[in-house]
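Below is one structure, written out as structure tokens, with a few remarks after it.
What follows draws every value from the coordinates through simple rules; no lab data is involved. Nothing here was measured: the structure is a model prediction, and the numbers come from that model. Note that each Cβ is placed from the backbone with ideal geometry, even for glycine, and that neighbours are counted across all protein chains shown.
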Amino acid sequence: MIKKIFLPIVAIMFIVACSSSSSDDSPSGISDDFDRGALLTNLADNIIVPAFQDLSSKLTTFKADKDAFIADANQSNLDQLRVSWLAAYKVWQHVEMFNIGKAESILYGFQMNIYPVSTADVEANVDSGDYDLTHANNNDAVGFPAVDYMLYGIADTDAEILTKYEDAKYKTYLSDLVNQMSSLTETVLTDWTSSYRDVFVAGTANTATSSLNKFVNDYIFYFEKNLRANKFGIPAGVFSDSNLLPEKVEAFYNQEVSKELALEALLAVQNTFNGKYYNSSTTGESLKSYLVALERSDLSAILTTRMDGARTKINLLDDNFHDQVNSDNSKMTEAYDALQLVVISLKVDMLQAFNVSVDYKDADGD
């Protein structure tokens, strides 16, 4: 009788032990005892929060320059406003991937960088003076792309743009755009510094809703969709049966900074992969060091090589992606293909190494 009871107990203990082992090991069989908390702490304290703080600072300067332009819409103030717009837009490339916490809940990215801008919606808002910039219907009439249009596209020459701003309605809309961008950023930053940082750092488990699993998915989604597809694939016609869509490049109305913004975005994702502190040469625990701990230094090296390769291809492009698509689109598709190699390594190999499942569905057939 004792033997009959003992055998099922042993069997149950064996099953539990195997189950426990599988949850702690990577798919390769290497024990995963990496300190996820240290990685999350480095991400929060040395990369994410400092980047948002810098964006907040840049937008404060942008607001001040906007106020000066509203008070006196002259060429000098317009030039300075354009400088501060670009400075903030470049820092935006370092935070756009962090679509987690408050940023996710308030749809921050949708209100900061949906392009191409709907000029019809912008002009309708300006004309009516009655609009809710937070409404989803205005996502393509706000943020950096809308300001791009307001500073470069509302007329053909600077003299004509300045004449437009003799109409108080244009001044009001520009002011509301910039103020909203600053306010949204303060909301996200305050959430990080007041409460969400601790929640984020504490989410060390390997579950679908844990911090690192969500972060890794958001990071890959950003690279795949916002960087690879939006900045390169869509304008180059990759998803439209080779029908070129040069009007869909980022910063279309400025005409000179599409490449600069794309390179900044690639730098941001590579720095994050390496655990590099924001605006510092210091590094901490990272996705890269996690791979090394799992004895996947080979994959870490492949990712570094492929990101560097993508940068080489992007550097061959014209500063103006609109002109590049129209003059020699093959170079745009080559840059896209180089970025796609990175996506494969991130989305297949790295996720498998971390034992993390994809939490989003493809929509572009890649």
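Annotation: the residues HIS322, HIS94, sorted from fewest to most other C-beta atoms within 10 Å of their own C-beta, follow the order HIS322, HIS94.
Within the listed set ASN326, ASN213, ASN113, the Gaussian network model of the chain (springs between alpha-carbon atoms below 10 Å) gives the highest mean-square fluctuation for ASN326.
Amide H to amide H distances under 5 Å link THR283 with TYR277, where only residues 5 or more positions off or on other chains count and H is placed in the peptide plane.
Considering only ALA103, ALA338, ALA208, the mean-square fluctuation computed in a Gaussian network model of the chain, springs between alpha carbons under 10 angstrom, is largest for ALA208. Inter-part distance, segment 162-230 to segment 37-83, computed on C-alpha centroids, equals 13 Å. Here's how it looks for GLY203: its modeled amide H is under 5 Å from those of SER211, which are all 5 or more places away or on a different chain. Cross-link partners of LYS66 among lysines, defined as those whose alpha carbon lies under 30 angstrom from its own and excluding same-chain residues fewer than eight positions apart: LYS58, LYS90, LYS102, LYS164, LYS169, LYS171, LYS231, LYS248, LYS259.
Which angle from 0 to 90°, rounded to the nearest 10, does the C-alpha axis of helix 49-71 make with the longest principal axis of the chain? The helix 49-71 is inclined about 10 degrees to the chain. Loop-located chymotrypsin sites (Phe, Trp or Tyr not before Pro) in segment 154-203 (DSSP state other than H, G, I, E, B) with a sparse environment of at most 14 neighbouring Cβ atoms within 10 Å are absent. Counting Cα-Cα pairs of the chain in 10 Å increments starting at 0 gives whole-percent bin shares of 5, 22, 29, 23, 11, 5, 2, 1, 1, 0.
How much FRET efficiency would the formula 1/(1 + (r/R0)^6) give for SER357 and ALA68, where r is the Cβ-Cβ distance and R0 is 45 Å, rounded to 0.05? Efficiency at R0 = 45 Å is approximately 0.35.
Using R₀ = 56 Å, calculate the FRET efficiency as 1/(1 + (r/R₀)^6) where r is the Cβ-Cβ separation of ASP33 and PHE110; round to 0.05. So, using R0 = 56 Å, E works out to roughly 0.90.
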